[in-house]
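Everything below concerns the one structure shown next.
Just so you know, all these numbers are worked out from the coordinates, no wet-lab data involved. Remember, predicted model here, so these are calculated numbers, not experimental data. Virtual Cβ from ideal backbone geometry, glycine too; neighbours counted across all protein chains shown.
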Amino acid sequence: MDITRRQFLRTTGSSAILGSFIPGKIFANQPTTNKPVTKGRTLVAVFLRGGIDGLNLIVPHGDPDYYKHRKNIAIPRPARDGKSALDLDGYFGLHPFASALEPLFKDRSAVALQAVGYEKNTRSHFEEQDTWETGVIGNSLSSDGWLNRHLASSTGHGPIRAVAIGGNLPRILRGKAPAYAIRGIADLSMPRMHGDPNVLRAALETAYCTKPDSSHLVSNELLSKTAAATLEGTRQLETIAKIEYKPANGAKYGSSSIAKQFLEAARLIKSGIGTELIQLDYGGWDTHNAQGGVNGGYANRLKDLADAMAAFSKDLGDHMKDVLVLTMSDFGRTVAENGTSGTDHGWANCMIALGGGVTKNDKPVLGEWPGLAPEKLYQNRDLKHTTDFRNVLGEVVSSHLGNENTSFVIPGHEHKAVGMIC
């Protein structure tokens, strides 16, 4: 009996590998010719879900109004005592629990951009995550992810171009082009996941690679190419997954979930199969209550993130010249703390870029600072945005990944240089 793609996914449990490309809206101006991206480049996109408080990460200690708004949770001005901001440029500093990132800022392999956002922020987790993941304002519910549009408008240099490390494929990677959600490299190893690899290969070839006829629910060129790429990728990873991974250069990953994700990202990059997009998720940033300042739940979570990013950079060593790590979040938090020593949904936020693609200059913190005086706040409560987040995404697509189809990947926007990525 012939097996359909739907039956195959149901009976083998392979949705983590093959069921992870979900059609979304492909915009009408899709390029007719997809050119190859820059070979060897990788983007690691880290979504900090919940709306991270960027004012306590990249601390504006030179703005006196920061301390007026935050009596209990402000990070003290730099003092090199382990309890104060780590000065970056005389005006901005780094949360002390993010100290693992300080050397990377000092040698200019990391840079922050403050006051990033856009003019129609709704302060809704669901709507803003959709907006940041689709790169589309006002119609995000019917749009595909901007990283998927990058895949759809370019050609890569390996069998598995895009991977989300986690249980589900996030919106940012959903769309016409194939992308995969895995827990780790072992998920792409057929022997460990499915027993006999020949059984899965036979199912793949039947469900995806046969010529169209009435007995197959799904058989077209896209799925055929997807199957071929998946087969090739899994063949390569079968060998890699059997080898014990040892981080290089003395790097030590912690036990946090984000550390494990970064370790798998490093392993995937070093495998050499040409993966250019790796997406990580790290939630828990919706700090309405008991956020804390120098200490507390926010600080501990920030330490796990910073330590993981630093370990990843150390582990990759020379590979980092072709790797860019980019953080993003739903939105920023209110400038003033609330009555429960927390912060509420806000407006503009900071982003951090780390890696070889970062612009080398004398400024560790970029962007026009709008100020925190009451009259300078958005709606008298939030940090104003001075940089449109779509400009950052467009710069990453064009400058780092080498996709010239920026207007397709991030549509409906006139792009301006940010100077974050060279």
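Of note:
- Each residue of segment 68-74 was assigned a 3J(HN,Hα) from its phi angle through the Karplus curve 6.51 cos²θ - 1.76 cosθ + 1.60 (θ = phi - 60°); the sequence is 6, 7, 10, 6, 10, 10, 5 Hz, with glycine and proline shown as x.
- Ranked by the mean number of other Cβ atoms within 10 Å per residue, highest first, peptides 294-306, 109-121 order as 109-121, 294-306.
- Judged by the mean number of other Cβ atoms found within 10 Å, the most tightly packed of the peptides 318-327, 40-49 leads the ranking 40-49, 318-327.
- Annotation: peptides 175-181, 368-374, ranked by per-residue average of other Cβ atoms within 10 Å with the highest first, follow the order 175-181, 368-374.
- Length-normalised contact order for segment 104-185 - Cα pairs under 8 Å, 6+ apart - percent: 23 percent
- Distant-in-sequence amide contacts of LEU366, defined by a placed amide H-H separation under 5 Å and a gap of 5 or more residues or a different chain, comprise ALA112, LEU113, GLN114.
- Loop sites in segment 231-275: trypsin sites (Lys or Arg not before Pro), DSSP, at most 14 other Cβ within 10 Å: LYS242, LYS252
- All aspartates and glutamates inside 18 Å of LYS384 as judged from Cα atoms, apart from same-chain residues fewer than 8 positions distant: ASP53, ASP63, ASP65, GLU119, GLU128, ASP330, GLU337, ASP344, GLU368, GLU375
- Partner lysines for LYS321 [C-alpha distance under 16 Å; skip if fewer than 8 residues away on the same chain]: LYS39, LYS270, LYS360
- Label point distance in nm, GLU404-LYS416, each placed 7 Å from Cα along Cα→Cβ: 2.5 nm
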